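Trainee: Pasting in a structure now, in structure tokens, and then I'll have a few things to ask.
The values are calculated or read from the model by the stated rules, or taken from the named source; none is laboratory data. Predicted model only: the values in this text are computed from it and were never measured. Don't worry about glycine lacking a Cβ; one is built from the backbone with ideal geometry, like all the others, and counts go over all protein chains shown. Heads up: the accessible areas ignore ligands, DNA and RNA and are worked out on the full protein's heavy atoms, side chains in. Shrake-Rupley method; radii C 1.70, N 1.55, O 1.52, S 1.80 Å.
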Amino acid sequence: MVENQFIRLFGLKENNLKNVTLNIHKRKITVFTGVSGSGKSSIVFDTISKEAQRQLNQTFTTYIQNRLPTYSQPDALSIENLSPAVVIDQKRLGGNVRSTLGTITDIYSLLRLLFSRIGKPFIGESDVFSFNNPKGMCPECQGIGRNIEPNIGKLFDKTKSLNEGAILFSTFAVGTWYWQKHLVSGIFDPDKKLKNYTDTEWQSLLHGKDKKIILPLKNEPVKYFEGVIDRFKRIYLRQESNQLSNKIKRFITLKDCSVCNGSRLSQEVLNCKINGYNIAQFAGMEASELIKLIEMIKDPIVEPIILNMTSRLKSLVDMGIDYLTLSRETSTLSGGESQRVKMIRHLNSSLTDMMYIFDEPSIGLHPHDVHRLNRMLQNLRDKGNTVIVVEHDKDVIKIADHIVEVGPGAGTNGGEVVYEGNLNGLYEADTLTGRYMRSKQPLKKETRICNGYLSIFGASKHNLKNITAHIPCGALTVITGVAGSGKSTLIFDEFLKQHLDAIVIDQESVSTSIRSLPATYTGIMDAIRDSFAFANKVSKSLFSFNSKGACSECQGNGFINTDLAFLESIRTTCETCNGKRFKDEVLQYKLDGKSISDVGLDYMTLGQPLNTLLGGECQRIKLAGELNQSSNIYVLDEPTTGLHMSDVSHLLSILNRLVDNGSTIIVIEHNLDIMKQADWIIDLGPGGGKKGGEIMFTGTPHEFVSESNSLTAQYLKNDI
Ligand code: ADP
Ligand code: ADP
Ligand code: ZN
Ligand code: ZN
């Protein structure tokens, strides 16, 4: 019995792990922390969770096993006492246009059931209320709720003629097949500007179809003209909108279906009501309001349904995502929101003795929301489950029963357990995390004086309440606020629309398979490439591992994948470049004695090498002075994702360098250390969803803690 209290790991050697031996308490919360690249994921994901999956798969028949993903055995001497693992990560839920928060949490099915029992007038079984069922869907939009329309304003430049390239979509450009065979083949005057077209000419250009095209060669079959819009629709708009390529998305507009007004349902379904509201109106309410409405239904016939629904809706509240509506499409949820939705599915589960593995669950959460997350992790534990969390957030670390710090550095400098024990012990430990747990960053004293503003006027998308914001140029601005308050909408929808020259350094620019690569470094890598090019007076592109400087054997991957039919493919280090990804000639170019491969543009050695290059000692080389001379506007969304507290200070120094070079940086962030070092803070709130969307405060960090009483300001005050 006693033996069974621990998951026992012996001799772990996966990736950079140096023969790690470790016991993990069952039915407790264990947090793994340490600098990025130290080996946390190698222990938690590549060893524990992989082995649990593998062992579970082995319990099935060969027939089933062949249909499951295969897991190779992790590099370890022995692994004992595992439980079945559930991994809850931040991979976005994705899903097609028919997948909504309501459908994937099953709350919408309960709502359908409710309507089929007590909706007035009664119209049928519960599937009639489904927009994914032909009986209930709006016949016009087939239950999608909107139509994809070509955006005529964006497709045509009316100040030009066909010969001057009036049609902006590349398929119709000057010189293309369609341009030659259709547009300038006799129907239109190719030199007439579109704005001078008569109505008839304009209509034929868009939709004309009967006109015979005069063909240059006699023996070609007779051809008929096809209007630009008709052709665009026929060839490019056949897919669902979330599958369209970005190239096409720029030329379309999504319009709510005019028959169902975006509700996806047939008129008959919409006429069926409970307490005056139809099912689409129920689904369109924020979860917090929906609970109130549901609780007002007092009919005993449906009491079990109501209880079930309220309990599920309350988990949305517990997860801090009660600002979402059931009608929200899952493909539009952020990574953090997706992760919280996945948690809900497990919260209501009555399985015990499971192993729940979380990958940085605090992402996207305001310090205020982290407390609710903590309660949920504790609940899972108290139900008798083992909870394993990879996390950097101080407040999550504080609730751990057991903490494992991996380090001391990254890559080959990491791979060892440098601390193991409880929280009190960590506060005393002479390790990176120990030191950061003890210290508190001060507020920035001298904030930069700005020279002008980039303004956002009348922002009203989603929940924004027609707000105007001014972002100082040449400064570091941090946008804060609880989840759902409107930060992303303000910056990604409204700011970017008004300032097209801003450069977004987002998580998507990083391959999602490479978990340990913090998003921000992509922008920083770019700056480093500039420095190499500048110092060696050669082309910058040489230093990119997807360019001509890349090793030709492995195409810059650093490894070769060998596919072995039924087994997982084997990955071996490329023998030509030894995993360095670059050609020898590129590696000869040095910056402060280091080659591009030593600098760690490769994820394998990221983190540690960056801080050795960019840290104190290397100020001498004045990287800053050599960075990109032009000043840019950078937008970053939670750049501290995946970063240990110590990595955060490196990130800050890099951001500061970019600002010192004249760039303007806008960061959406909950991390208190980043807020403290901002020149300017814009705090949104007060709550999420409808309860948010207002500017609570703008000013310096000092003014923020002394003048504001917003949730964010309160947390910041407690941390100085
Ligand atoms: P952390 O989770 O602490 O950020 P990881 O466990 O992801 O760190 O990485 C530890 C080390 O192992 C890093 O040097 C990383 O580059 C390397 N590594 C991670 N995944 C792989 C892989 N699939 N193949 C080779 N090396 C890897
Ligand atoms: P934050 O970035 O502060 O977490 P968001 O800007 O993501 O907040 O969200 C603000 C509000 O806008 C929330 O009510 C959210 O549900 C809503 N919202 C965000 N994105 C979408 C979308 N693609 N479709 C519908 N509503 C959205
Ligand atoms: Zn419709
Ligand atoms: Zn190679």
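Trainee: Of all residues being more than 16 Å from ligand 3 (Cβ to nearest atom) and hydroxyl-bearing (Ser, Thr, Tyr) in region 112-154, which is nearest to Ser245 (Cα to Cα)? Just the residue, please.
Mentor: Ser126
Trainee: Here is a follow-up. When you scan region 146-166, do you find a residue that is farther than 25 Å from Leu237 by Cα and open to solvent by less than 10 Å² (accessible area, probe 1.4 Å), even just one?
Mentor: Yes.
Trainee: Separate question: State all residues of region 101-144 that are of a type in the set (Phe, Trp, Tyr) and either part of a helix (DSSP H, G or I) or surrounded by 15 or more Cβ atoms within 10 Å (Cβ to Cβ) (or both); if no residue qualifies, say none.
Mentor: Tyr108, Phe115, Phe129, Phe131
Trainee: Take residues that are open to solvent by less than 30 Å² (accessible area, probe 1.4 Å) and more than 16 Å from ligand 3 (Cβ to nearest atom) and tell me which of the strands (runs of 3 or more DSSP E) falling wholly in region 1-92 contain 3 or more.
Mentor: Fully inside region 1-92 and qualifying: 6-12, 20-25, 29-33, 85-88.
Trainee: Would you pick out the residues in region 142-168 that are charged (D, E, K, R) and at pLDDT 90 or above?
Mentor: Within region 142-168, Asp157, Lys158, Lys160, Glu164 qualify.
Trainee: Among the listed residues His402, His392, His368, identify the single one that is over 30 Å from Val97 (Cα atoms) and within 16 Å of ligand 2 (Cβ to nearest atom).
Mentor: Going through His402, His392, His368 in turn, the sole match is His368.
Trainee: Does any residue of region 348-368 turn out to be at pLDDT below 90, closer than 16 Å to Ile7 by Cβ, open to solvent by 10 Å² or more (accessible area, probe 1.4 Å) and not acidic (Asp, Glu)?
Mentor: Within region 348-368, one or more residues are at pLDDT below 90, closer than 16 Å to Ile7 by Cβ, open to solvent by 10 Å² or more (accessible area, probe 1.4 Å) and not acidic (Asp, Glu).
For (1) open to solvent by less than 30 Å² (accessible area, probe 1.4 Å); (2) at pLDDT 95 or above, each residue gets a yes or a no:
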{"site": "Glu226", "(1), (2)": "no, no"}
{"site": "Ile229", "(1), (2)": "yes, no"}
{"site": "Arg238", "(1), (2)": "no, no"}
{"site": "Val269", "(1), (2)": "yes, yes"}
{"site": "Ile279", "(1), (2)": "yes, yes"}
{"site": "Ser315", "(1), (2)": "yes, no"}
{"site": "Ser327", "(1), (2)": "no, yes"}
{"site": "Ser334", "(1), (2)": "no, no"}
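Trainee: Restricting attention to region 639-655, report how many residues are of a type outside the set (S, T, N, Q) and either surrounded by fewer than 22 Cβ atoms within 10 Å (Cβ to Cβ) or part of a helix (DSSP H, G or I) (or both).
Mentor: 8
Trainee: Ok, one more. Taking the condition among the basic types (Lys, Arg), in contact with a Lys or Arg (Cβ under 8 Å, 6 or more places away or on another chain) and assigned to a loop (DSSP other than H, G, I, E, B), does Lys158 pass?
Mentor: So Lys158 passes the test.
Trainee: Further, regarding this structure: For region 471-492, indicate whether the set of residues that are assigned to a loop (DSSP other than H, G, I, E, B), without any contact (Cβ under 8 Å) to a residue 12 or more places away in the chain and either open to solvent by 60 Å² or more (accessible area, probe 1.4 Å) or not β-branched (Val, Ile, Thr) (or both) is non-empty.
Mentor: No, region 471-492 contains no residue that is assigned to a loop (DSSP other than H, G, I, E, B), without any contact (Cβ under 8 Å) to a residue 12 or more places away in the chain and either open to solvent by 60 Å² or more (accessible area, probe 1.4 Å) or not β-branched (Val, Ile, Thr) (or both).
Trainee: Residues that are open to solvent by less than 10 Å² (accessible area, probe 1.4 Å) and touching a residue at least 40 places away in the same chain (Cβ under 8 Å): does region 416-432 have at least one?
Mentor: No, region 416-432 contains no residue that is open to solvent by less than 10 Å² (accessible area, probe 1.4 Å) and touching a residue at least 40 places away in the same chain (Cβ under 8 Å).
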